[in-house]
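J.: There's a structure below that I have some questions on.
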Amino acid sequence: ALRTAEQFIYLENQFLWSPEVVDVLAHRLKHPPCDEFRILLVLPIKPANGRDTTRGQLSILAAADDGARRLLATTISAQRGQPDAAVYVHAKIGIVDDIAYQTNMLALNAASTSALMPGPRSSMSTA
């Protein structure tokens, strides 16, 4: 699904570890299928582990974007209580164009890479 994305990739996850996933995303950023193509990543501001790996993968994506502003990597904060209280992103959700994917182990690591990168427009839902 990531390889065939035409307009939009949204990934909400606690990690961004997989070099295979990052390679596909970087390729899409370097060779966007259309001018409107965008990638939105929602990640925790302070992951429990893998922070350096995620940071390194984000730097690869930022370099691939090369200032085109097609990539947004962000985190989220609580709306009530402490205004600067970060929300720990633990969801494993992906949206490619208009198709949503969810699984309980989609930590964007090598073990889960095949889930989002099968052949064209494959569906995935494992609980």
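The values are calculated or read from the model by the stated rules, or taken from the named source; none is laboratory data. It should be emphasised that the depicted structure is a prediction, and the values quoted were computed from it without experimental measurement. Neighbour counts are summed over all protein chains in view; Cβ atoms, including those assigned to glycine, are modelled from backbone coordinates with ideal geometry. Remember, those area values only see protein heavy atoms, side chains included, never the ligands or the DNA or RNA. Shrake-Rupley method; radii C 1.70, N 1.55, O 1.52, S 1.80 Å.
J.: Not counting ligands, DNA or RNA, and with a 1.4 Å probe, what is T53's accessible surface area in Å² rounded to the nearest 10?
T.: For T53, solvent-accessible area is about 70 Å².
J.: Using θ = phi - 60° and the Karplus relation 6.51 cos²θ - 1.76 cosθ + 1.60, list the HN-Hα couplings for region 20-28 in order, rounded to whole Hz, with x at every Gly or Pro.
T.: Each residue's phi maps through the Karplus curve to give 5, 5, 4, 4, 5, 5, 4, 4, 5 Hz.
J.: Here is a further query. Hey, rough spin-label estimate for K46 and S77, points 7 angstrom out along Cα→Cβ, what's it come to in nanometres?
T.: 1.4
J.: Oh, and also: Just how much of F15 is accessible, in Å², when a 1.4 Å probe is used and the result is rounded to the nearest 10?
T.: Solvent-accessible area, nearest 10 Å²: 20 Å².
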